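Accompanying notes for the structure given below.
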Amino acid sequence: MSRRPGPGHVVADLVTGSGVDAALDGVDTVINCATTLRGKRDVTATKTLVDAVRRAGCRHLVHVSIVGVDRIRFGYYNGKLASEEVVRAVPHTILRATQFHDLLRRVFSGLAKLPLVLVPDLRFQPVDVRDVAARLVELALGDPIGRAPDFGGPEVREAADLARSYLAGRRRRIVPIRLPGKAFRAYRAGFNLTPEHADGRITFEEYL
Ligand SMILES: NC(=O)c1ccc[n+]([C@@H]2O[C@H](COP(=O)([O-])OP(=O)(O)OC[C@H]3O[C@@H](n4cnc5c(N)ncnc54)[C@H](OP(=O)(O)O)[C@@H]3O)[C@@H](O)[C@H]2O)c1
């Protein structure tokens, strides 16, 4: 399902609700990867989906969330945590994943516009969306299990180290910086990591 027409999918919008019931007609299992960056709107979209899943009598809703949403306080994460609560109204499985490789690549691409690249002194365990997708499919084929074990990338790495790989061959100086605030303190404490579930296989360098 997408808001835009294209081959192989139906058109619907989880914020307005248009097309959602039709999209779920005859559907047994739903994997929800939809998100909007505004936390409240994300919860509204999830509610629309969950109501439609209930009406359609779907067997299983699989929902993607983020490692540490209950311990890191960003507006977007608050919305993701509230969405997890909403999902619990129907037979569900929630998979929390670590940051995707493409998210970090986009961040580094933005930071690399200056000759001095200011990289936060944080650690990440980036994961490839192909690994996450395979795990989501595996979960979707099984019965609803509530919260699934978290899913992380194969390596826990310093952001500066990942940035160095991204910038390989370019003349840039990396300068570590400390970001203020509670949310980044929670990041520094490693609440965005799940080293005991380093189940993704594709490394950041392989992704690049
Ligand atoms: N990025 C990360 O590092 C990361 C890490 C862990 C977990 N996650 C979670 O994984 C999921 C996917 O994240 P992502 O970064 O891949 O997101 P993304 O690239 O922004 O994709 C979000 C998708 O949501 C759909 N969407 C947005 N608004 C919609 C609406 N009103 N109705 C229907 N569909 C709508 C969009 O589809 P169309 O534009 O085609 O309509 C888009 O394909 C999210 O739940 C996110 O929280 C992400």
Under a straight-distance cross-link criterion of Cα-Cα below 28 Å, which lysines are reachable from Lys40, leaving out those fewer than 8 residues away in the same chain? Lys80, Lys182
Note to self: with every protein chain in place and a 1.4 Å probe, the chain gives an accessible area per residue in Å² of 53
If every Lys and Arg gets +1 and every Asp and Glu gets -1 at its Cβ, then about the Cα centre region 50-195 yields a dipole, in debye to the nearest 20, of 700
Take every DSSP beta bridge whose two residues both sit in region 20-207, then give the antiparallel share in percent to the nearest 5. 10
What relative contact order, as a whole-number percentage, does region 55-116 give when Cα pairs under 8 Å and 6 or more residues apart are counted? 41
From Cα pairs below 8 angstrom and at least 6 apart in sequence, can you work out the relative contact order of the chain, rounded to a whole percent? 21
Taking all pairs of distinct alpha-carbon atoms in the chain, Kirkwood radius in angstrom: 18.3
The chain - mean residue ellipticity at 222 nm from DSSP helices (-39,500 (n - 2.57) per run, n ≥ 4, rounded to 500): -11000 deg cm²/dmol
Of all accessible heavy-atom area on the chain, the percent that carbon and sulfur account for (1.4 Å): 55
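The values are calculated or read from the model by the stated rules, or taken from the named source; none is laboratory data. Only a predicted model underlies this, so the values are computations on that prediction, with no experimental measurement involved. Cβ: placed from backbone, ideal geometry, glycine included. Neighbour counts: every protein chain shown. In case anyone asks, the SASA skips ligands and DNA or RNA and just uses the protein heavy atoms, side chains included. Shrake-Rupley method; radii C 1.70, N 1.55, O 1.52, S 1.80 Å.
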